[in-house]
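Visitor: Questions regarding the structure given below will be posed in turn.
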Amino acid sequence: MLNYIWAGLIVFSLLFALVADVGDLTRDTYRNGAPVPLALQFDGGYDAEAPRQPVTVRFDAEELTRFYGTDEPIAVADSLPGTLIQTAAGGREVRIAPDAALPDLLATIRDETNPRDQVLQGSVPRDALAGAASPTVATAITFAPVRFVKMRAISSAALDFAETAVEIALGLIGVLALFLGLMKIAEEAGVVYALVKLVRPLLRPLFPNIPEGHPAMGMIALNLAANIFGLGNAATPFGIKAMEELQKLNPEPDTATDEMAMLLAMNTASVQLVPPVILIALIGLEINEVYFAIVFTTALSLTVAILTAKGLSTLKRYRETNPRRLGDAPATASPAE
């Protein structure tokens with residue numbers, strides 16, 4: 001079901017982006033192909049033979065606003081550092097410095113037309129510069145066309161997050177292998193069943209249908225302990241194993257039981273007595289300033305999660321879909337010898 005939700009969100013985002021981009025093309029938001037008025041100032045005068053020449057680029061804010069027809073005034077710096085370059089074909093191209101402060105519209109044109117170098121560049125008429133006697137020349141610059149900005153942004157974001165997902169998955173392989181192996185050793189050694197006896201009085205009211213001595217209770221305890229002590233990656237394999245054990249008790253494999261819902265709620269909203277390792281790495285000793293806030297808010301979230309899961313399980317709609325409604329709970333599982 002979750003896959004369908006994600007697929008629907010992606011399709012909806014692409015449709016929204018397509019509509020927005022078509023609107024930009026219809027309104028000609030970026031004035032593709034139209035020369036943008038500006039002034040070029042040469043400190044030492046214009047040199048027609050120089051292959052590269054430093055130049056100061058000046059846009060008039062009011063004229064720029066009228067040109068692009070924006071509702072809000074376009075705020076632009078009085079002067080922008082740049083370079084006038086003679087192209088191989090004999091034309092002239094202005095490149096504005098990458099660190100120049102550009103208004104959002106020009107920054108979008110820069111990002112879309114030159115994403116690698118992050119340089120706003122465009123061609124200027126050679127004839128307008130020829131024979132320039134004044135150090136400041138009024139001319140115009142033509143940028144490369146900009147189309148389908150939002151479609152490209154969504155596609156790029158999707159690829160970036162897909163790469164991130166793969167990196168996270170690969171990073172979890174070692175953690176999962178380690179802790180799943182430790183769980184297997186603990187199960188064979190009887191440690192899990194000893195833990196079940198220890199925590200059963202505390203967790204029994206929350207998971208009343210788990211049979212006496214069943215390893216699911218031990219896995220739940222390990223999952224909650226890992227979350228409480230800020231070991232997020234360690235909690236993942238424990239949670240997976242706990243769900244597998246709960247599934248063995250499920251008379252209808254395609255429907256979650258109340259215990260599964262409770263575990264998911266508690267795992268998601270677990271109290272944090274020890275802040276997550278990543279958060280400690282990010283802010284260091286400053287974690288002390290927010291420690292009590294973390295404990296309070298996570299304790300509150302855990303309380304709300306438990307009450308919500310318990311409350312929803314009592315509603316008629318959810319009672320009727322409870323997998324255990326057709327029969328009694330599975331027989332008690334005997335602990336390992």
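Visitor: Scan segment 36-43 and give yes if some residue there is assigned to a strand (DSSP E or B), touching a helix residue (DSSP H, G or I) at 6+ places or on another chain (Cβ under 7 Å), within 28 Å of Phe148 (Cβ to Cβ) and not basic (Lys, Arg), otherwise no.
Guide: Yes, some residue in segment 36-43 is assigned to a strand (DSSP E or B), touching a helix residue (DSSP H, G or I) at 6+ places or on another chain (Cβ under 7 Å), within 28 Å of Phe148 (Cβ to Cβ) and not basic (Lys, Arg).
Visitor: Could you check segment 197-226 and list, in sequence order, the residues that are polar (S, T, N, Q) and either over 17 Å from Ser270 (Cα atoms) or at pLDDT below 80 (or both)? Let's see the steps before the verdict.
Guide: Initially, segment 197-226 is screened for residues polar (S, T, N, Q), giving 209, 223.
Selection gives Asn209 alone.
Visitor: Additional query: Output the number of residues of segment 44-66 satisfying the condition of being outside any loop (DSSP other than H, G, I, E, B) and of a type in the set (A, V, I, L, M).
Guide: Residues meeting the conditions: 4.
Visitor: Hey, another quick one. Give segment 246-266 a look and list any residue that's surrounded by 21 or more Cβ atoms within 10 Å (Cβ to Cβ) and either over 17 Å from Leu315 (Cβ atoms) or acidic (Asp, Glu) (or both), or say none.
Guide: Residues satisfying the conditions are Leu246, Asp258, Glu259, Leu263, Met266.
Visitor: Right, another one. For Arg126, state whether it is more than 22 Å from Asp21 (Cα to Cα) and in the same structural domain as Leu38 (by TED's automatic domain parsing).
Guide: Values: more than 22 Å from Asp21 (Cα to Cα): yes; in the same structural domain as Leu38 (by TED's automatic domain parsing): yes.
Answer is yes for this residue.
Visitor: Tell me which strands (runs of 3 or more DSSP E) are completely within segment 67-128 and hold 3 or more residues being surrounded by 13 or more Cβ atoms within 10 Å (Cβ to Cβ) and charged (D, E, K, R), or say none if there are none.
Guide: Answer list for segment 67-128: 92-96.
Visitor: If a residue has to be part of a loop (DSSP other than H, G, I, E, B), exposed (fewer than 13 other Cβ atoms within 10 Å of the Cβ) and under 32 Å from the mean Cα position of the chain (by Cα) to count, how many in segment 25-35 make the cut?
Guide: Residues in segment 25-35 being part of a loop (DSSP other than H, G, I, E, B), exposed (fewer than 13 other Cβ atoms within 10 Å of the Cβ) and under 32 Å from the mean Cα position of the chain (by Cα): 1 in total.
Visitor: Here's a follow-up. Could you give every pair whose Cβ atoms fall below 9 Å, whose first residue belongs to segment 7-18 and is modelled with pLDDT under 85, and whose second residue is in a helix (DSSP H, G or I), counting only separations of at least 6 or pairs across chains?
Guide: Note: pairs meeting the criteria are Ile10/Ile154; Ile10/Ala158.
The values are calculated or read from the model by the stated rules, or taken from the named source; none is laboratory data. Predicted model, so just to flag it, every value in this text is computed and none were measured. Note that we place each Cβ from the backbone using ideal geometry, even for glycine, and neighbour counts take in every protein chain shown.
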